Every structure is written in C-alpha cells, then in structure tokens.
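A.B. asks: Before I ask anything, here is the structure I am working with.
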Amino acid sequence: MEAPTTPPDDRFTPELVERLTCPKEYNLKGMIRELGPLPPALATSTEQHRPASPISPPPSPPCLSSLGDLECLPVELWHMVLEFLDAQALVRLAQTSHAARLAVDALPVYCEVRKHMPDVLVALSRTRMLRHHAVAQLRAVLRDSRCASCFGYGGFLLLPTCERVCFDCLHENRALRMTTLGNVRECFRLTTKQMETRLPVFYTIPGSYGVRWHKHYPNVHRLINVRQAKALAITMHGEEQTKKLLAPTKPGNMSIRKYHIFQGFHEASLTPPGKDLTLLPTPLNWVEDDFGGVASMRMPYLDARGRMHRGRCCRGCRRMKRMFSDGQLPDDTVSGLVPDGVDPNAVLDALVTRLYSDDSFIDHVRDCFGVQQLLSFWDEGHEDEYQSD
Ligand SMILES: [Zn+2]
Ligand SMILES: [Zn+2]
C-alpha cells in the first residue's frame with residue numbers, strides 16, 4: 001500500500017520558510033532607521049525608574065493627586081477619551097499629576113504602541129509628527145497589514161499620513177511622495193501659513209535615503225506630503241481652479257524636469273488605486289522621487305492572534321531577477337509575470353522588494369517559479385549559485 005502523499009502546504013515547515021526568506025534586504029535600507037531608545041518623556045514612569053539592581057529600595061508610594069474631570073467617568077470611558085489624544089498630548093497630561101501619569105502609563109492602547117513600535121514613536125518625535133496622530137490611530141495601523149495604496153501587504157509606515165504602505169507604492173504612487181514647501185507654494189498656490197496651520201510639516205532626519213536611488217541628505221528639510229497638499233489646494237481653490245494652476249504647456253522659465261514633477265503632483269490620486277501599480281506602464285512624464293524614503297520606515301504588523309510580523313522577502317524572486325539578468329529566465333515565465341508594454345526589469349525589481357506576512361508568504365512561495373527552482377536544487381543536494389544574495 002502506498003504511503004499517503006504529503007499535502008503541498010506541509011512542505012513549508014518553519015525551517016524551510018526561514019530558508020526561503022531573503023537573509024539580507026539590501027534594497028529596503030533607504031528609510032528612517034537606527035534611532036535609539038525612546039526619549040525619557042515618552043517612556044512610562046516604570047520604564048524611567050526601573051530599579052538599578054534587585055536590592056534597590058522600593059519606589060516611594062504615589063502621592064495622591066487628582067485626574068480632574070476624568071475621575072467622574074468610568075475607567076473604560078476615560079480610556080476611550082485618552083486614546084484619541086496623540087502621544088505628545090498624553091505626555092503633557094502625564095506631567096500634570098501623579099494620578100494622570102499612572103492613568104497614561106496604564107492606557108492599554110498606549111502600552112501596545114510603546115511595546116511594539118517604540119522606534120516609530122522615536123521617529124515621529126524626531127520628525128515632529130507625534131502631535132499629528134492619535135495613539136488609537138497608531139494602534140490601528142499596527143493591527144492592519146494592508147498597504148493603504150494597493151491593499152497588498154504593507155511593510156512600511158509613511159509618517160506624515162500615518163498610513164501603512166508597501167515599498168512599491170512608495171516608489172510608484174506619486175500621492176505618497178514628499179516635497180518642499182516651496183514646490184507646494186508654486187504648484188498648488190498655497191501659502192506657508194496655510195501649510196503650517198493646516199498640514200503636518202515633516203522635518204527630515206539627516207542621513208542617506210532612497211526607495212530605488214539612494215542619496216545623502218546632510219541637512220534638515222521641511223517637507224509636505226503631496227496628497228495632503230493637493231487635498232488642501234482643492235479645499236482652498238476648488239477642484240476646477242486647482243486643475244488650472246498647472247499650465248497646459250511648460251512655462252518658458254520652468255525646467256522640463258520641474259514641469260513633469262508638477263504634472264505628477266496634479267495627476268496624483270486622492271483615492272487609493274487599490275491595485276499593483278508596478279504592472280502598469282511607466283508614465284511618460286515620470287521623474288524619480290527627490291525625497292524617496294525620507295518620511296517612511298519599517299512597520300511591524302501585529303495580527304489578531306498576537307503574532308508580530310516584520311515581513312518576509314522571497315529568495316526565489318531574487319533568484320528569478322538574477323536569472324532574468326543573465327538571460328536564463330524562461331520566456332513563458334517572463335510573459336506570465338509581465339503585462340504587455342511594461343518593463344520586465346521594473347516588475348522583477350518589484351518582486352525582489354516585495355514583503356509578505358508569514359501567511360501570505362506561504363501562499364506566494366507555493367506558486368513562485370524561483371522557489372520551485374531553489375527547491376529542485378536543494379532536493380538534488382546542490383546549493384543555489386546565487387546563495388550569497
Ligand atoms: Zn502598496
Ligand atoms: Zn517569490
């Protein structure tokens with residue numbers, strides 16, 4: 001009697017999943033990173049006053065002080081009120097009294113945010129974005145895996161809009177870009193005062209950044225998100241008037257590059273495309289992003305079962321890209337991946353940088369041509385010639 005065949009999913013043991021995950025993520029390094037610990041003001045009183053040794057004296061008993069009007073409410077209700085404050089407001093509230101400090105420290109939503117995304121809080125603080133996002137909003141993004149643009153898995157946070165996004169949408173969707181206040185003034189006829197009072201003004205952290213092309217930024221830049229700028233322009237001028245702000249042909253005193261950038265800003269959609277933009281032809285007026293990666297960072301995902309996902313890149317896809325560059329990828333595989341009129345390099349580059357949650361990774365590797373190639377190699381006892389990648 002024949003042994004029952006193994007169901008296909010059982011092949012992908014945790015060990016094999018690890019082996020199929022790219023160990024190095026060269027292409028994903030051009031974002032905000034390595035910022036150090038939480039500043040003292042954002043740490044809880046427990047975190048700030050952690051005993052230096054087991055024999056340290058116990059902390060002093062809390063002095064009695066009031067929570068003000070919040071004390072009239074049941075605890076669930078004042079938790080709901082506090083969740084809609086931003087972390088900076090919570091910090092200020094915590095400084096008003098000992099009781100307020102204990103209340104903020106014990107707020108479940110804030111505890112979850114501090115525990116799972118402390119580096120995000122540091123980045124929001126350093127880029128002056130903290131006051132723009134309620135802690136409930138941060139927690140919602142932590143618990144929702146979808147890219148706000150294509151609805152696939154999003155492994156990054158765009159700080160000014162507090163949206164989860166994927167690497168490819170950061171590159172392809174011009175609504176997610178950042179630009180200078182000067183460009184917004186010229187492109188959308190908004191004043192500095194309008195921007196400063198109505199929009200989050202993002203302060204960059206000097207360093208090297210890039211989504212596809214890396215660049216060094218030694219100075220701090222004040223930037224605005226393009227979609228937010230366009231939405232404010234429509235509010236201020238009306239939709240039809242906003243369209244007329246872009247001349248139908250390039251003005252004589254404007255460079256062609258700048259005109260194309262402004263065209264891109266006007267064409268940026270205020271609503272999410274809801275599809276993979278890497279499968280569409282590149283627009284003729286395409287200009288690379290001047291500030292790619294400066295306002296985004298890796299974002300973990302906390303699923304309903306309490307598991308943390310950092311996102312996995314597929315090693316098989318990386319192998320496919322190398323095979324394509326070497327002319328070794330079969331034509332029918334290329335035509336199955338790349339729609340007519342689209343640059344195959346762009347599609348394969350996107351596969352190399354795509355992140356998956358643990359569950360969607362299994363779905364992907366089951367069908368990935370590069371993974372099937374790797375498994376054949378390994379079954380035959382060979383190593384992948386691109387293993388060093
Ligand atoms: Zn996306
Ligand atoms: Zn793959």
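The values are calculated or read from the model by the stated rules, or taken from the named source; none is laboratory data. Everything numeric in this text was worked out from a predicted model, so none of it was measured. All Cβ positions, glycine included, derive from the backbone under ideal geometry; neighbour counts span all protein chains shown.
A.B. asks: Taking segment 235-287 as the region of interest, how many residues are of a type in the set (Gly, Ala, Ser) and farther than 28 Å from PHE151 by Cβ?
C.D. replies: Total meeting the criteria: 4.
A.B. asks: With respect to ALA123, is the statement that it is away from ligand 1 (no atom under 16 Å from the Cβ), surrounded by fewer than 21 Cβ atoms within 10 Å (Cβ to Cβ) and either at pLDDT 95 or above or part of a loop (DSSP other than H, G, I, E, B) (or both) true?
C.D. replies: no
A.B. asks: Within the set of pairs 6+ apart or on separate chains, which have a first residue in segment 271-285 that is over 14 Å from PHE167 (Cα atoms), a second that is of a type in the set (Lys, Arg) and more than 9 Å from ligand 1 (Cβ to nearest atom), and C-beta atoms under 9 Å apart?
C.D. replies: Listed by first residue and then by second, the contacts come to PRO283/ARG174.
A.B. asks: Just to be sure I understand the filter: pairs with C-beta atoms under 6 Å, separated by 6 or more residues or on different chains, first member in segment 185-207 and surrounded by 19 or more Cβ atoms within 10 Å (Cβ to Cβ) and among the aromatic types (Phe, Trp, Tyr), second member modelled with pLDDT of 95 or more and part of a strand (DSSP E or B). Which pairs pass?
C.D. replies: Sorted first by the residue in segment 185-207, then by its partner, the pairs are PHE202/LEU223.
A.B. asks: Within the bounds of segment 306-327, is there any residue that is of a type in the set (A, V, I, L, M) and within 15 Å of ligand 2 (Cβ to nearest atom)?
C.D. replies: So far as segment 306-327 goes, yes, one or more of its residues are of a type in the set (A, V, I, L, M) and within 15 Å of ligand 2 (Cβ to nearest atom).
A.B. asks: Within 16 Å of ligand 1 (Cβ to nearest atom) and either within 20 Å of GLY274 (Cβ to Cβ) or not in a loop (DSSP other than H, G, I, E, B) (or both): which single residue out of LEU170, LEU102 fits that description?
C.D. replies: LEU170
A.B. asks: ARG164: outside the structural domain of THR353 (by TED's automatic domain parsing), out of contact with any helix residue (DSSP H, G or I) (no Cβ under 7 Å at 6 or more places or on another chain) and not in a helix (DSSP H, G or I), yes or no?
C.D. replies: No, not satisfied.
A.B. asks: Something else: Quick test of your reading of the structure: ASP303 fulfils all but one of (1) within 15 Å of ligand 2 (Cβ to nearest atom); (2) within 30 Å of CYS162 (Cβ to Cβ); (3) charged (D, E, K, R). Name the failing condition by number.
C.D. replies: All conditions are met except number (1).
A.B. asks: Something else now. Evaluate the following for VAL334: is it closer than 23 Å to ILE32 by Cα, of a type outside the set (Ser, Thr, Tyr) and within 16 Å of ligand 2 (Cβ to nearest atom)?
C.D. replies: So VAL334 does not fit the description; no.
A.B. asks: So how many residues does segment 141-155 have that are farther than 14 Å from MET308 by Cα and among the hydrophobic types (A, V, I, L, M, F, W, C)?
C.D. replies: Residues that pass the stated criteria total 4.
A.B. asks: Here is a check on your reading of the model: is GLU239 closer than 26 Å to VAL141 by Cβ and among the charged types (D, E, K, R)?
C.D. replies: No, not satisfied.
A.B. asks: Can you run down the residue pairs with Cβ atoms below 7 Å, 6 or more apart or on separate chains, where the first is in segment 129-153 and within 15 Å of GLY274 (Cα to Cα) and assigned to a loop (DSSP other than H, G, I, E, B) and the partner is within 16 Å of ligand 2 (Cβ to nearest atom) and among the small types (Gly, Ala, Ser)?
C.D. replies: Hits for this filter: SER145/SER357.
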